[in-house]
Amino acid sequence: MKRLCLFWGIFCMAFAAQPARAGSSGGGVEILDMAMLFDGKIGEQAADMAKMSKEGAADIHMVSFFLVPEGNPPFDKISLYEDKYRRLRDALGGADCKTGIILQATLGHGFELEVPHPFQKMISREDGREWRMKNIVCPLDENFIKYLRECVRRAAALKPAVMMVDDDFRALGGRNGCLCPLHLAKIKRDSGYDLTREQLKKHLAGNSELDRKISEAAMRAVSDSLIDLAKIIRAEIDAVDPSIPCYMCGSLEDMAHDGQIARELAGKGRESVLRIGNARYWNPKYRDLYLTSRALALQKAMARPDRVYAEIDTFPRNRYFTSARTLHAGLVVSVLEGASGAKYWPNRFPDYEPASGAEYKKVLAENRGMYDELCRLMKGAEPCGVADIMIAKPKDLRNYNWPLVKDPAFWTHITGVMGLPVSFVEISELDGPCFLRGSAAKALGDAQIKKILSLGCVLDGEAAVEICRRGMGGLIGVKAAPWDRSLKISRERFSEGMGKIAGVVCEPPSNPVKIEPLSDKTEVMSEFIHLPYTYGDKKFAERLAAASTYFENPLGGKVAVFASRPEGPNHLNESRKAQYAEILNRLAPGGIWYDGDAEAYLKNLKLKDGSELVVLANVGLDPITPLAFKSARKFSRAQMLGGDGAWRDAEFSQSADGKISVAGRAEIYMPVALRFFE
Ligand SMILES: [Zn+2]
């Protein structure tokens, strides 16, 4: 440790302060570019950063200080980073280009290091995880804290525009907690439970009241160990310069404490900034863009930072793994869920390979105006359509499988590829109709369910069964019960009152339930039928049961029930889409949706000036042209948003049946933003 101290004083006052708050002027986004500096290439890197700043591909260039301790005693890594950072600033000279520092791998990412360190390693609650947790430091180790204090102080002394703690600063994601001797001692100290790791593991898996209390104490100890270290990091920055902002880079499974960590790091009187985890990385399928927006909305609801930033990462930072358009589309859908910034790694890590990042930088620069304009428009905008509700319960040491982030708790894997309006709302903020799945219903209390039923909702079969089990079947208009599996469903047939789709049949569901209307006030929208032979004529059909219903309850809530799960061809077909549109018009009138059969993600928001914002992202391989929408509302004109942030009049028509056509072409992952005016 002494070796480190020698360098510290010398560099303390070597740098002039940069502006304390960069980017996002005028309510737009703030984009953070992450870079590792390479000896011999710093001049080229500085020129690239200055170009990126000028073109809008980044607002702050965050230089990686990869700090995980290595060696015994640890090598003086920080002096190497200090030197390169200083040379970068010299190379930038008077360029209008802000630089920051990302404290990367403070605790360690968990991969093999070249040399081990002498500190206490994190010990998971889970056995067999050691291969994923190599050399991760426990945040309670006093000697490590000394090491980190000095690193932070020396980094702050370089007067970066912003500092950020990278996302290895976590205890649950990929780790499942730390049950090392230091943490066990902390639990004993804080809560009085004197336990071995094996004993604690049993309590974490048990269901008694004592098990729950001990689990809470253990979770608190794990969270507090990170939060306390965040306070130490902030104190070290403050000791140098309290005006330096510090952001947090969080991860999905650590939202239990990442909001608090972001607030501690931000410092007094400054907005907390949390980058959440929603990158697409290497993902060779594209239709699941809804996961990117959902992950952001959900983590924002769990951590509630003042500002949330998207993760538009590219690991391992070249286009053999991640296309540039995935950054663009990911950022657009994130901004539409409230992101006001993004962090990305367009640069290679092992060495200087500038061609690998060129397209990433280009796509962001070309569309920078769009991100800023959408970000500004989001203030005061109201999402349209039926919302997917989010239960913002973060992962902890007990809820291990954590189902509430996956498709079975949501409907967006259907609406988000059918081009129906997607929106998310946290349950406590719900003020309109929503989709409700069985797995989500089971996690809610009776009062919450009653509220949902009064506001209007679309239920899947399992939610209907759960609501009936709780004695509220009268509010959904049907009695719901498990399906008798001996009864074979051949098809689902749309009912006579369903207009153009009346009599059309589609595939049967894989997971039906039995619903029975309670009275003729319940409209049957479709029925399950049995056919006497495969692909038999519809005229031989035998009716089995109602398959979907609509009911307006005494609380004023409009309730659609599906006796199925939203999955497979039973829900993804042309006639079902027409039924969804009908339900949308009844529950949330006035919405706009994509009127075609390509895979599309659509967001519809009502803007403060009364116009309707529609962002259509093509998530399939076939270009969409012209741009086809439908709405029960009448519009007179439309505008299209350019990548430069300017709105231009678009060629537009709307027919008497509500079909809208706009001249244009939506390529895969190149979202088109339109504004419709009455
Ligand atoms: Zn520990």
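Annotations for the structure displayed:
- Odd one out for residue 621 among (1) in contact with a Leu (Cβ under 9 Å, 6 or more places away or on another chain); (2) in a loop (DSSP other than H, G, I, E, B); (3) not acidic (Asp, Glu): (1)
- Residue match in the stretch 235-253 (condition: open to solvent by less than 10 Å² (accessible area, probe 1.4 Å), at negative phi and within 16 Å of the ligand (Cβ to nearest atom)): no
- Pick from the stretch 77-88, criterion of a type outside the set (A, V, I, L, M) and open to solvent by 50 Å² or more (accessible area, probe 1.4 Å), ranking: farthest from residue 43 (Cα to Cα): 83
- Subset tally (residues that are out of contact with any Ser or Thr (no Cβ under 6 Å at 6 or more places or on another chain), touching a residue at least 24 places away in the same chain (Cβ under 8 Å) and not in a loop (DSSP other than H, G, I, E, B)) for the stretch 85-122: 13
- The lone criterion from (1) part of a strand (DSSP E or B); (2) under 26 Å from the mean Cα position of the chain (by Cα); (3) surrounded by fewer than 17 Cβ atoms within 10 Å (Cβ to Cβ) left unmet by residue 648 is number (2).
- In this structure, residue 531 does not satisfy being within 18 Å of residue 289 (Cβ to Cβ) and either of a type in the set (A, V, I, L, M) or surrounded by 19 or more Cβ atoms within 10 Å (Cβ to Cβ) (or both).
- Candidates 210, 200 - the one that is surrounded by fewer than 20 Cβ atoms within 10 Å (Cβ to Cβ) and either farther than 21 Å from residue 299 by Cα or modelled with pLDDT of 95 or more (or both): 210
- Taken over the stretch 81-102, the criterion of being modelled with pLDDT of 95 or more and among the hydrophobic types (A, V, I, L, M, F, W, C) is satisfied by 88, 91, 92, 97, 101, 102.
- Any hit, the stretch 296-306, residues being within 22 Å of residue 612 (Cβ to Cβ) and surrounded by fewer than 24 Cβ atoms within 10 Å (Cβ to Cβ): no
- Matching residues, the stretch 90-133, being among the hydrophobic types (A, V, I, L, M, F, W, C), open to solvent by 40 Å² or more (accessible area, probe 1.4 Å) and within 16 Å of the ligand (Cβ to nearest atom): 123
- Subset of the stretch 381-423 that is open to solvent by 20 Å² or more (accessible area, probe 1.4 Å) and part of a strand (DSSP E or B) - its residue that is farthest from residue 567 (Cα to Cα): 382
- Restricting the first member to the stretch 208-226 and to residues that are in a helix (DSSP H, G or I), and the second to residues that are of a type outside the set (A, V, I, L, M, F, W, C) and open to solvent by less than 10 Å² (accessible area, probe 1.4 Å), the beta-carbon pairs closer than 6 Å and six or more apart or on different chains are 221/183; 222/177; 223/257; 225/139; 226/139; 226/257.
- Given (1) modelled with pLDDT of 95 or more; (2) open to solvent by less than 20 Å² (accessible area, probe 1.4 Å); (3) among the small types (Gly, Ala, Ser), number of the condition residue 267 does not satisfy: (1)
- Any hit, the stretch 44-64, residues being open to solvent by less than 10 Å² (accessible area, probe 1.4 Å), at pLDDT below 95, touching a strand residue (DSSP E or B) at 6+ places or on another chain (Cβ under 6 Å) and not hydroxyl-bearing (Ser, Thr, Tyr): no
- Qualifying residue in the stretch 613-627 (condition: in contact (Cβ under 8 Å) with a residue 24 or more places away in the chain and more than 26 Å from residue 324 (Cα to Cα)): no
- Residue in the stretch 187-194 that is of a type in the set (Gly, Ala, Ser), crowded, with 23+ Cβ neighbours inside 10 Å and away from the ligand (no atom under 15 Å from the Cβ) present: no
- Of all residues in the stretch 134-181, those being within 11 Å of the ligand (Cβ to nearest atom) and buried (at least 18 other Cβ atoms within 10 Å of the Cβ) number 13.
- Inclusion of residue 632 among residues that are in contact (Cβ under 8 Å) with a residue 24 or more places away in the chain and outside the structural domain of residue 673 (by TED's automatic domain parsing) is not warranted.
- Of 587, 544, 531, all but one fail to be over 26 Å from residue 455 (Cα atoms), of a type outside the set (S, T, N, Q) and touching a strand residue (DSSP E or B) at 6+ places or on another chain (Cβ under 6 Å); the exception is 544.
The values are calculated or read from the model by the stated rules, or taken from the named source; none is laboratory data. Quantities reported herein were computed from a predicted structural model and do not represent experimental measurements. Because the Cβ atoms are built from the backbone with ideal geometry, glycine has one as well, and the counts that use them run over all protein chains shown. These accessible areas exclude ligands, DNA and RNA; they are computed on the full protein's heavy atoms, side chains included. Shrake-Rupley method; radii C 1.70, N 1.55, O 1.52, S 1.80 Å.
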